[in-house]
Amino acid sequence: MKKTTWFAIFVAVLVGATYYFEFYLSGKEEIRKSNESKIVSFPVDQINQVEIENKFGKILLKRDDTGWSLEEPIKDWADNQFVEDFINGLAGEKSIDTIESKDKNLNWSIFGLDKDFTKVIFINQQGSAILIQVSAKKNFEGNSFLRRADENKVLVGTAQWALRSQKSPLDFRDKRLFRGKIASVEGINIKSQKDEFRLINKGNKWISENNPELKLDQNKVREILTSLNEIQANDFMDKALAQAPAKATTKAKIDLKLKDKTWSAEIKQLADKSIIAVTSDPQFILKLEPGQTDKFFEMTLMGLRDRKEPFDFLNLSVRRIEINTKLKKMILTKDKETWYLDGDAKASMDQNAIRNFIMRLSDSSVTEYLDKSEQMGFKDSENRIILKAEDGKILYDLSWGPSIKKKALIGEKTLILAKSNLFKDVFALEPSVIESWGLMGLLPVEKTKEKQKKAAP
C-alpha cells in the first residue's frame, strides 16, 4: 500500500477520533449537565396535572382534550393561556446553584424549607410526580431556595418560583365575559340606553334583522364579539351578595344566539359606580373593570353602519367635475387622460391634484351618523360637488353645510352636515375630512400661486 494511502487513513482516523472525543462526547456531556440542572425533568407537553399548596390553600389543575380546568378549590374552566405560561415559566427553569452539606445534615430552617413553604407538584401523563418546595426566603440576589422531593440538597432557582407559586385560584380561572367561540355565534341582540337591535349572520355577512337593507361595517360587528371574548372579570362575586342590588342600574343587555344554546349578559352599574355583569351559561356575577363595557351603554345600530357607503362611487369612471361652493364655481372635464378647465382650455391645471381629489373623496368616511332630530339642520346646502361619467350620468352628488355643535369628551366639537346621493340620511363630517379633499388644488396653477402670494405676510 502506498505511503499516501496510509497517510490518508491515518488522517481520517485522527479526525474521527478528534470529533468523537472533543465534539461528540463533550456534546453529550453538555446535554447531560443541562438535563441534570433542570429543576423539573418532565417535558412540558407531558405535564397534564399541577397541584399548588400555598397561602390560598390547595389549587388543582387538570388537562384533558378540551384544555385546562380548575378542579380545586372550585370547579371551573381555567385560563388556558395563563396555565400554559405558568407551567412553561417553571418547568423550563434550571437551577442556578446547588447547596449540599458534607455530613448530609442540612439545616433546612436557614433556607426557609423547614415549614411554611409552598408546594408545587407537576404530574405527567404516566402519573409520575415531581414535588418542588418553594421557600419564602430568598438569597441576596433575590433568587428562590427550592427543595425537590426529599432530596438532601437545596436548589437555587430564579425569583419566578416565589412569584408564580403564590398565584391564587382566581388567577387560574377563565375570567372572560363570554367564553364561547366567536365562529359559533349566529345572532346578536343588544339593548343599550339609546337603542335596541338584532343582528343575524346570513351567508357569512352580518345584517340587521329588521333593516336588512342597511349596509353594516362587518369589522365593527366582529369587534363586538371579539371584545366580549377579551373583557376580563377582576373578581367573581358571591351570588347572594350581588343578587339584584337595590340601586343597580341596567346599562346594557347582550344576547348571543349560538348553534346549540343562547348566552346572555346583563351589564349593571352599582351605587358606587362599579360595574358587574350577570351572565348565563355559566351563571356568574362578574365584577368588571370600569370602562371595559362602556361602548355597549350607548351603542346604536346607526353606529355600526358602513362609514364608507356614502362615498362609494366609481372613481375611475369620473370624466366631469362640477363644483359649486360659496367661494368658487368651476367645471373640470377630462379629455383622454388630461383634465381641462371648462371655458378656459389653456388654463394650466395640476393633473395630480385633480386625481388626488377624486381618490381622497372616494376614500372618505363618515365621521358620525346622526339621529333624525340632528339631521333637521340640513336644509339649504351651501356647497355641492357633482361627478359625472362620460355619458353625462351622475356618478356622485355630494352637498355639505351648515355646521353643528355636539358634546365631546372635553367641551364641544364642530361637525359639518352632509348628504350624498348614495345614502338616504344626512351624516356628519369633521372639518378636516373636507380639508383633506384639497379643493384649492383644483384651481388653475397661476391662480393658486396668486392666492398664495396674497395670503403671504
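Tabulated data
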read-out: Pair list, Cβ under 6 Å, 6 or more apart: the stretch 386-411 residue over 21 Å from Leu422 (Cβ atoms), other residue at pLDDT below 90; value: Ile404/Gly377
read-out: Flag for Asn105 being of a type in the set (S, T, N, Q), open to solvent by 50 Å² or more (accessible area, probe 1.4 Å) and within 17 Å of Gln166 (Cα to Cα); value: no
read-out: Any hit, the stretch 394-407, residues being open to solvent by 40 Å² or more (accessible area, probe 1.4 Å) and in a loop (DSSP other than H, G, I, E, B); value: no
read-out: Residue count, the stretch 45-61 (criterion: within 23 Å of Phe117 (Cα to Cα) and open to solvent by 50 Å² or more (accessible area, probe 1.4 Å)); value: 4
read-out: Residues satisfying the stated conditions in the stretch 200-229, i.e. outside any helix (DSSP H, G or I), open to solvent by 50 Å² or more (accessible area, probe 1.4 Å) and either hydrophobic (A, V, I, L, M, F, W, C) or out of contact with any Pro (no Cβ under 9 Å at 6 or more places or on another chain) (or both); value: Asn201, Gly203, Asn204, Lys205, Glu209, Asn210, Asn211, Pro212, Glu213, Lys215
read-out: Yes/no for Arg360 being open to solvent by 80 Å² or more (accessible area, probe 1.4 Å) and touching a residue at least 40 places away in the same chain (Cβ under 8 Å); value: yes
read-out: Residue check for Asp235: over 19 Å from Met302 (Cβ atoms) and outside any strand (DSSP E or B); value: no
read-out: Restricting the stretch 85-95 to residues that are surrounded by 16 or more Cβ atoms within 10 Å (Cβ to Cβ) and not small (Gly, Ala, Ser), the residue that is nearest to the chain's Cα centre (by Cα); value: Phe86
read-out: Test: residue in the stretch 318-333 that is open to solvent by less than 40 Å² (accessible area, probe 1.4 Å) and under 30 Å from Lys407 (Cα atoms); value: yes
read-out: Only one of Phe357, Phe378 that is within 14 Å of Phe313 (Cβ to Cβ) and not small (Gly, Ala, Ser); value: Phe357
read-out: Of the criteria (1) modelled with pLDDT under 95; (2) of a type in the set (Gly, Ala, Ser); (3) open to solvent by less than 30 Å² (accessible area, probe 1.4 Å), which one Ala78 fails; value: (1)
read-out: Filtered residues of the stretch 77-104 (kept if out of contact with any strand residue (DSSP E or B) (no Cβ under 9 Å at 6 or more places or on another chain) and without any contact (Cβ under 8 Å) to a residue 24 or more places away in the chain); value: Gln81, Asp85, Lys102, Asp103
read-out: Qualifying residue in the stretch 10-31 (condition: open to solvent by 60 Å² or more (accessible area, probe 1.4 Å), within 30 Å of Ile123 (Cα to Cα), modelled with pLDDT of 95 or more and out of contact with any His (no Cβ under 8 Å at 6 or more places or on another chain)); value: no
read-out: Considering residues of the stretch 164-189 that are assigned to a strand (DSSP E or B) and either of a type in the set (Lys, Arg) or over 21 Å from the mean Cα position of the chain (by Cα) (or both) only, the residue surrounded by the fewest Cβ atoms within 10 Å (Cβ to Cβ); value: Glu186
read-out: Count of residues meeting criterion [in contact (Cβ under 8 Å) with a residue 60 or more places away in the chain, closer than 19 Å to Tyr369 by Cα and outside any helix (DSSP H, G or I)] in the stretch 421-444; value: 6
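Conditions (1) open to solvent by 50 Å² or more (accessible area, probe 1.4 Å); (2) over 22 Å from Phe56 (Cα atoms), marked per residue:
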site	(1), (2)
Asp114	yes, no
Lys119	yes, no
Gly127	yes, yes
Leu131	no, no
Ser135	no, no
Leu146	no, no
Lys153	yes, yes
Ala159	no, no
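The values are calculated or read from the model by the stated rules, or taken from the named source; none is laboratory data. All values derive from a computational prediction rather than experimental measurement. Every residue, glycine among them, receives a Cβ derived from its backbone with ideal geometry; neighbour counts consider all protein chains shown. Note: areas computed on protein heavy atoms with side chains; ligands, DNA, RNA excluded. Shrake-Rupley method; radii C 1.70, N 1.55, O 1.52, S 1.80 Å.
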